[in-house]
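> One structure is given below, represented as structure tokens, and several questions about it will come after.
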Amino acid sequence: MSNEHPGTDVSTAAEGNRLPERFADPGLPEHKARLTDTDPRAAKRAELQIVLLFGISIVGTILAIVAYAVIRPGETVESIRTSTLVLGVGLAMAMGGIGLAAVHWAKTLMNDHEKVEYRHPQASNAAERAAALQVLKDGADDSGIGRRGVLKGAVISALVLAPLGFVVPLIGGVGGDWNVSKFRHTLWTKGKRLTHDPSGKPIKASDITIGSAVHVIPEGLKDSEDWIEEKAKAVVLVIRLDPRDLTEATDRKDWSYQGIVAYSKICTHVGCPVALYEQQTHHLLCPCHQSTFDIADGAKVVFGPAKRPLPQLPITVDAEGYLVAQSDFLEPIGPSYWERLK
Amino acid sequence: MSQQTAPAPRAVAATADYLDQRTGVGKAVKEFARKIFPDHWSFLIGEIALYSFVILILTGIFLTLFFVPSMDQVTYTGPLAAMDGVEMSKAFESTLHLSFEVTGGLLMRQIHHWAALIFMASIVTHMMRVFFTGAFRKPREINWVVGFTLMILGLAAGFSGYSLPDDVLSGNGLRITDGVVKSIPIIGSYMSYFLFGGEFPGTQIIPRLFTVHILLVPALILALIGAHLFLVVLHKHTQFPGSGRTDRNVVGYPLFPVYVAKAGGFFFVVFGVLALMGALLTINPVWNYGPYDPSPVSAGSQPDWYMLFLDGALRLMPGFAEFTVAGFTVSLNVLIPAMIVPGLLFSGLALFPFIEAYATGDKREHHVLDRPRNAPVRTASGVSILTAFVVLILASSNDIIAPHFAMSINDLTWAFRVLLFVLPAITFWATKRIALGLQRKDRELVLHGHEAGRIIRFAHGEYVEVHQPLDDHEQWLRVQHRPERPIQLLPAEDSNGVVRKGYRKDALRSRVSSFFFEDRIEPVTPAELAQSHEHEEHPAIGAGHDEAKGLVDAGPTPGGGALGGGPNAPHDD
């Protein structure tokens, strides 16, 4: 304990007398004997307990194997549960028994006198460092790299460039066709019918009652080759409001039909399906991050992490009274991305 | 004990001889078999992480034999009535198959999933142990960074595995990932294509995550665990303070047999507990969720616990932060919670050892751990980061908490928005005060001893309570640490009025150092104890007097290391 902090506020009292700055380490405390060290009967008892725990492990293994052979998973959730339960309990006994036995053994019967080992500084000593430097210097001298600048440049350039031959094909290939403009288009086109999700049955405007919400996909979605990708963009929620409750922007007056509005179901935050509609407030809530959109007012954001309203799908009815799209969405659906407005 | 041990059987001796002649293994056995490790329950937490990983690999091998990482669509014809005729990917179908038709398959899936949760939980808890005891100090800074990287890899392993069954819950998780990736400026759309091989969800993501999950990430984890343990052996384990334990020794029990039994046995205990959890506790019942379809989603859906903080951050960020610049969209409402907030939390955690070393200017090796109370600002910083983490976790459960307590989800979200900033500040302050209070208590104990509960009346009528002095070991625990003091700033100008080079850098460092060590309680010195004992002879005068001296007021003391005055003298004790 060297004394490198002389005279602090707290130790001014020490000035003048010869007390050390710090207390001295009293050294390792005396070993405390366990019951099993002093009482042979306790030791015998501990040994029995350990044997018993190993025995539990063996029983567990047998249980697991018997369970495997006897209890086959059946047809239902219940039968698979029984199989899982018995097999798992057997495995737990087999493993846990060994573990508890070993730990109990170590704690009760193994020598518990603490031992001391000395540490050495991590750093090499000065001579070793000098020798290491010399070795490196010798190697560098042997290679002659210090004297040949062009060679050095060539080595570095080649090593830096070489990975490109590997990385470029790797990155180039994983992105498919890299045609990110697909984000802009969905399956909706002029005259395409709105159909129920997932049955695909077309929807008559007269079938939708005020206050109800219908999950909608475009007609013929399943015929599309990439129907999951298309569905991920094209899903729409159709809601009928009392037309008196509806506030519509002037340029969108003809996007709805008798109070029926259609909005993209993909949240403009990070893309969850916005699915919880509250009839009383006309609010649509995203269950993932609680962005809340007001369907009565252009699906504007009233709360939560989304910034933009849900894109609206302009709809009308065809000659037979079925709901149809007037066109595709007029803006990209879903979460924002850098070139979204370009 | 050796006299009790019979000589090794011939077969063992012959094998040992065979191996030694070819590998010289005897030298390694001599070096490592009786290596000393200190004992403390908290040292087991890292072992839980290691063993969970082994169990993840074992159960994972089982699962790969039955799982089909394919997004080809099939129609279900298996035994589960609820899914009859449903269209699903082969990944989902094979998950149902291995759960319902392979004996032990569901058990292995459940053990695997529980082990993943425990793996992350034990990594985080182990990091807390290392952090709060200052085990990351020199020479272990590199190992802290290795461990930190392991935690990030653990997140990657968990995330990639969670998505594999291709159920509707994890599919929506992937969709959120897609939304987050798209928000990255300039390259977001291309990053999304990079991940999904085209538009979301495509047919590539499950096979790709499979490769990441069973090859890339486990290989990296395995390599880094190797490095992590190698460094533990190289440095020898840290030990808690106590009599006889110094920075130059390691006190404990030998690897063979004590830790072979204790640590080896603990592997089986962890396996047993995980097997029991797999047997009794249903986890991720994907047959209830159904296969991925871009349309449905359910309320009250949360990711696995280690991803909750990200989800919570996404929920808290208000939408106004999205804006356009020259026609390009910048989604700060997504970037801040998904990248910047976790980036700050994680950077703070990864860099803390270096920040603290900058504040102490300490170049010594540390092998004796700190008691958390003896490093108030470090402990408070750790609690503060954890508080932010917990607030984000709670925020990600706002749709469960709100209906449970009949609260408005909007009010709750606002409360969490405020708490995310206020609560870490409060817990920082409170933790620091508690740590300082505990140090005062230590001083009090050393100076005056335990309260014996015995009141004595002197002949002249005075009452005093008898205090029982601490024994040497109790006392040493409370006085062994070396107080850190703020680095002292040398004047800006030398005696000739010439402006000193590097003064501003030193001033910054001095400020950081003051933040860490300005408020402190120093351990009792022998002189103080002697003085206190003098007072004890006149107990009526001395009561409550000494402790006030413990708090050293703000400002550098002459004792601290000095800046600008050359390298600090090497500490040596």
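The values are calculated or read from the model by the stated rules, or taken from the named source; none is laboratory data. Remember, it's a predicted structure, so these values are computed and weren't measured experimentally. All Cβ positions, glycine included, derive from the backbone under ideal geometry; neighbour counts span all protein chains shown.
> Quick check, is B:G561 more than 14 Å from every other protein chain (Cβ to nearest Cβ) and modelled with pLDDT under 50?
The answer is no for B:G561.
> Let me ask something else. For region A:309-342: of the residues being under 16 Å from A:I203 (Cβ atoms) and of a type in the set (S, T, Y), which is nearest to the other protein chains (Cβ to nearest Cβ)?
If we take residues in region A:309-342 being under 16 Å from A:I203 (Cβ atoms) and of a type in the set (S, T, Y), then A:Y322 is nearest to the other protein chains (Cβ to nearest Cβ).
> Something else: Can you confirm whether region B:348-363 contains a residue that is in contact with a Lys or Arg (Cβ under 7 Å, 6 or more places away or on another chain), within 14 Å of chain A (Cβ to nearest Cβ), among the small types (G, A, S) and not in a helix (DSSP H, G or I)?
No, every residue in region B:348-363 fails to be in contact with a Lys or Arg (Cβ under 7 Å, 6 or more places away or on another chain), within 14 Å of chain A (Cβ to nearest Cβ), among the small types (G, A, S) and not in a helix (DSSP H, G or I).
> Need pairs with beta-carbon distance below 6 Å; first residue in a loop (DSSP other than H, G, I, E, B) and within region B:150-173, second among the hydroxyl-bearing types (S, T, Y); sequence gap 6+ or separate chains.
Listed pairs, sorted by first residue: B:S163/B:S170; B:P165/B:T95; B:D166/B:S89; B:D166/B:Y292.
> Identify, by number, the condition in (1) over 26 Å from B:G226 (Cα atoms); (2) within 14 Å of another protein chain (Cβ to nearest Cβ); (3) out of contact with any Lys or Arg (no Cβ under 8 Å at 6 or more places or on another chain) that B:E141 doesn't meet.
Failing condition for B:E141: (1).
> Oh, and also: A:A106 fails exactly one of the following numbered conditions: (1) facing another protein chain (nearest Cβ under 7 Å); (2) under 27 Å from B:G244 (Cβ atoms); (3) not in a helix (DSSP H, G or I); (4) not polar (S, T, N, Q). What is the number of that condition?
Evaluating A:A106 over (1) facing another protein chain (nearest Cβ under 7 Å); (2) under 27 Å from B:G244 (Cβ atoms); (3) not in a helix (DSSP H, G or I); (4) not polar (S, T, N, Q) leaves (3) as the failure.
> Another question, if that's okay. Name the single residue that is farthest from the chain's Cα centre (by Cα) among those in region B:274-290 being at pLDDT 95 or above, surrounded by fewer than 21 Cβ atoms within 10 Å (Cβ to Cβ) and facing another protein chain (nearest Cβ under 8 Å).
Selected residue: B:L280.
> Considering only region B:194-215, I want to know if a residue exists there that is acidic (D, E) and either closer than 30 Å to B:S94 by Cα or facing another protein chain (nearest Cβ under 7 Å) (or both).
Yes, because at least one residue in region B:194-215 is acidic (D, E) and either closer than 30 Å to B:S94 by Cα or facing another protein chain (nearest Cβ under 7 Å) (or both).
> Okay, moving on. Just to check your reading of the model, which residue among A:V270, A:V261 is touching a Pro at 6+ places or on another chain (Cβ under 6 Å), of a type outside the set (F, W, Y) and surrounded by 23 or more Cβ atoms within 10 Å (Cβ to Cβ)? Spell out how you get there, then give the answer.
Numbers: A:V261 fails: touching a Pro at 6+ places or on another chain (Cβ under 6 Å).
That would be A:V270, the only listed residue that is touching a Pro at 6+ places or on another chain (Cβ under 6 Å), of a type outside the set (F, W, Y) and surrounded by 23 or more Cβ atoms within 10 Å (Cβ to Cβ).
> Could you list, in sequence order, all residues of region B:410-452 that are within 14 Å of chain A (Cβ to nearest Cβ), closer than 30 Å to A:F293 by Cβ and either among the charged types (D, E, K, R) or under 23 Å from the mean Cα position of the chain (by Cα) (or both)?
B:D411, B:R417, B:L420
> Restricting to region B:216-259, what's the tally of residues that are at the interface with chain A (Cβ under 8 Å from one of its Cβ atoms), under 26 Å from A:L91 (Cα atoms) and of a type in the set (A, V, I, L, M, F, W, C)?
Number satisfying all stated conditions: 1.
> Which fully enclosed helices (runs of 4 or more DSSP H) of region B:8-76 have 1 or more residues being out of contact with any Cys (no Cβ under 8 Å at 6 or more places or on another chain) and within 12 Å of chain A (Cβ to nearest Cβ)?
Ranges flagged: B:25-32, B:44-64.
> Follow-up question, since we're still on this one. Select, from B:I487, B:I455, the only residue that is farther than 22 Å from B:P372 by Cβ, more than 10 Å from every other protein chain (Cβ to nearest Cβ), surrounded by fewer than 19 Cβ atoms within 10 Å (Cβ to Cβ) and modelled with pLDDT of 90 or more.
Working: B:I487 fails: surrounded by fewer than 19 Cβ atoms within 10 Å (Cβ to Cβ).
The conditions single out B:I455.
> Within region A:41-98, work out how many residues are part of a helix (DSSP H, G or I) and at the interface with chain B (Cβ under 7 Å from one of its Cβ atoms).
Applying the first criterion (part of a helix (DSSP H, G or I)) to region A:41-98 yields A:41-70, A:77-98.
Narrowing the set further to residues that are at the interface with chain B (Cβ under 7 Å from one of its Cβ atoms) leaves A:68, A:80, A:83-85, A:87-89, A:91-92, A:95-96, A:98.
Residues flagged as part of a helix (DSSP H, G or I) and at the interface with chain B (Cβ under 7 Å from one of its Cβ atoms) within region A:41-98 amount to 13.
> Which strands (runs of 3 or more DSSP E) sit wholly inside region A:174-257 and have at least 3 residues that are among the hydrophobic types (A, V, I, L, M, F, W, C) and surrounded by 13 or more Cβ atoms within 10 Å (Cβ to Cβ)? Walk me through it before giving the result.
Details: elements: A:194-196, A:213-218, A:236-240.
Once the strands (runs of 3 or more DSSP E) in region A:174-257 are filtered for at least 3 residues that are among the hydrophobic types (A, V, I, L, M, F, W, C) and surrounded by 13 or more Cβ atoms within 10 Å (Cβ to Cβ), what remains is A:213-218, A:236-240.
> Output the residues belonging to region B:86-108 that are within 12 Å of chain A (Cβ to nearest Cβ) and closer than 22 Å to B:D293 by Cβ.
In the first step, residues of region B:86-108 are kept if they are within 12 Å of chain A (Cβ to nearest Cβ); the result is B:86-89, B:96-108.
Hits for region B:86-108 are B:V86, B:E87, B:M88, B:S89, B:L96, B:H97, B:L98, B:S99, B:F100.
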